[in-house]
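Have a look at the structure below, then the notes.
The values are calculated or read from the model by the stated rules, or taken from the named source; none is laboratory data. Here the structure is a predicted model, which is why all the values come from computation and not from measurement. Positions of Cβ are generated from backbone atoms using ideal geometry, with glycine treated the same way; all protein chains shown enter the neighbour counts. Quick note on the areas: whole protein, heavy atoms, side chains included, nothing else; ligands and nucleic acids left out. Shrake-Rupley method; radii C 1.70, N 1.55, O 1.52, S 1.80 Å.
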Amino acid sequence: MLFNSYEFILGFLPVVAVIFFLLGRTSRVWALRWLTLSSLFFYAWWRPFNVVIIVPAILINYGLARAILQANGKDDRRSATMCLVLGIVFNVAFLGYFKYANFAATVSNDVFGTEFVLSQIILPLGISFITFQKIALLVDAHGGRVEHISFEDYCLFVLFFPQLIAGPIVHYRELLPQFHRFTCIVDRENLSVGVTLFLFGLFKKLVLADGIAPFVSSIYDQASAGGALSLLPAWMAAAGFTLQIYFDFSGYTDMALGSARVFGIRLPPNFDSPLKASSIIEFWSRWHMTLTRFLTAYVYNPLLVWLTRRRLARGLPGYRERPTAGAFVELLLLPTLLTMFLSGVWHGAGYPFVLWGVLHGVFIVVNHAWRRVAPAAWTARAAYTRPIGTVVTLLCVVVSMAIFRAPTIAVATELIGGMAGLNGIALPERIYAALGPLTPWLQQAGVTEGLGFDLPFVRLAAWIVLLSAIALGLPNTLRMLRQHDPAVNWEPAAVDRSPKWQPSLAWAVVVAAVGVAGLSRLSAPSEFLYWQF
């Protein structure tokens with residue numbers, strides 16, 4: 001079941017909420033059980049067989065988590081570590097089979113000339129999000145950050161429907177204390193903030209992201225069919241998709257946060273205006289924040305600690321003590337590239353995702369290197385240098401998103417070639433003709449006419465301008481709702497002059513208009529981008 005559907009908005013969410021609050025008047029325990037059962041129904045709606053796949057994995061992970069806690073209680077670190085390793089291996093193998101078995105066969109066929117036959121494997125929705133949360137819980141239990149787990153708490157944590165199929169990736173220790181403090185009573189602030197978040201997210205998804213999607217898809221379809229893309233269409237496709245996936249994913253996250261807030265639960269933030277970032281490092285601290293948090297805490301940091309100890313044991317200095325070239329390569333370049341490689345693979349089973357992840361790893365390494373060698377004048381004059389950094393970061397993100405969206409490496413190569421001008425530069429006939437005296441100079445520069453309006457060029461350009469103005473010029477929903485704690489463990493900048501949400505007639509009119517615009521698009525074609533996640 002999708003958030004942007006009649007079934008969810010007019011049926012599932014209101015029915016679940018009403019029964020939850022009615023049960024909460026007499027029995028908090030049954031209210032929470034109702035929430036767990038409803039979440040299971042939510043997950044089974046699209047394909048009931050998904051439950052048959054996911055429930056055994058939940059039971060196995062719960063048993064391993066309990067075994068780790070029991071071993072910790074007996075101070076048996078060896079048994080706890082063995083259970084942790086077993087749990088990680090099981091979850092990686094579970095995810096690997098359903099998501100990467102066919103991709104592994106494809107790589108083997110391409111590299112080694114094998115002839116493995118690809119089979120059709122059912123991919124459970126949200127399997128990557130669910131798997132990462134279960135791994136994080138096992139690691140936290142092993143590290144003593146989780147001390148007690150009941151079966152009902154565990155099921156509610158894993159299955160809680162707002163974060164089930166598209167995140168954000170939550171930690172047990174930030175969600176369960178909220179469930180334990182549940183009053184199960186209707187709260188006007190929670191309802192108003194939750195509905196506001198949901199309607200803004202619905203608007204982002206259905207009006208903004210889905211509005212630009214057909215124009216972006218037409219260019220990618222042209223590239224997939226073997227058509228050569230000139231400079232402008234290639235850049236517009238890449239920029240258009242960057243804006244599409246931003247508003248789609250951040251909109252879906254807002255709907256998740258809003259749905260949870262209706263019940264009084266705050267989920268962690270996932271987006272904080274990442275397209276305003278002035279460096280690629282800052283971009284990843286604002287884009288898909290819970291994934292960045294997971295990869296940093298459970299992949300990058302452990303790998304960095306292990307490599308640092310390994311160097312120190314050989315009598316070599318660490319990176320911070322004396323940043324030699326060897327330390328830079330071993331302690332920054334290698335763990336960064338590996339972490340971002342895993343990020344790319346996590347997003348999807350295909351060569352473009354791998355290339356996208358590695359490319360971002362290279363961007364981050366270059367960013368770290370620049371921070372080491374950048375002159376003091378660059379950082380001292382932030383008023384001038386920050387806009388330059390923002391433009392450079394946007395260019396890197398847009399180029400990488402062209403690869404991310406491409407179905408194959410061949411299509412990605414075609415797009416990047418077009419963005420580099422290898423296929424020439426063409427303008428629409430009407431625009432070319434309107435340039436008048438500039439035409440001879442354009443011809444000498446290799447600019448031709450013949451782009452045509454079949455893209456259609458003007459509408460896509462208008463969408464890009466509009467969405468760029470919103471993403472770069474307006475505050476995000478979290479900042480507008482900042483005085484109402486819209487997300488757990490999130491604090492805005494100390495100085496934030498963006499408009500605040502206030503219970504007033506003006507805000508009611510704005511939220512109503514946003515809601516009507518979003519709801520009016522419920523029956524329009526809509527793409528779910530996260531089925532492969």
Is there a residue being in contact (Cβ under 8 Å) with a residue 40 or more places away in the chain and acidic (D, E) anywhere in the range 306-325?
no
Specify which of the listed residues (G211, G251, G201) is within 17 Å of R521 (Cβ to Cβ) and surrounded by fewer than 24 Cβ atoms within 10 Å (Cβ to Cβ).
G211
Residue list for the range 108-167, restricted to those being surrounded by 21 or more Cβ atoms within 10 Å (Cβ to Cβ), at pLDDT 90 or above and not in a helix (DSSP H, G or I)
F160
Determine, yes or no, whether A234 is assigned to a helix (DSSP H, G or I) and either at pLDDT below 90 or farther than 29 Å from V514 by Cβ (or both).
yes
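From the set of residues in the range 490-520 that are under 23 Å from the mean Cα position of the chain (by Cα) and surrounded by 12 or more Cβ atoms within 10 Å (Cβ to Cβ), which is modelled with the highest pLDDT? So that I can check it myself, show each step before the final result.
Taking the range 490-520 first, the residues under 23 Å from the mean Cα position of the chain (by Cα) are 490-493, 518.
After this cut, where a residue has to be surrounded by 12 or more Cβ atoms within 10 Å (Cβ to Cβ) as well, the list is 490, 492, 518.
On the way: W490: 80, P492: 64, G518: 93.
Selected residue: G518.
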Would you check which residues across the range 386-402 are under 18 Å from E414 (Cα atoms) and surrounded by fewer than 18 Cβ atoms within 10 Å (Cβ to Cβ) and list them?
L395
Subset of the range 1-59 (residues that are over 17 Å from P162 (Cα atoms) and part of a loop (DSSP other than H, G, I, E, B)):
R25, T26, S27, R47, P48
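Given the structure, is R66 more than 26 Å from L123 (Cβ to Cβ), open to solvent by 70 Å² or more (accessible area, probe 1.4 Å) and in contact (Cβ under 8 Å) with a residue 24 or more places away in the chain?
Numbers: more than 26 Å from L123 (Cβ to Cβ): yes; open to solvent by 70 Å² or more (accessible area, probe 1.4 Å): yes; in contact (Cβ under 8 Å) with a residue 24 or more places away in the chain: yes.
So R66 passes the test.
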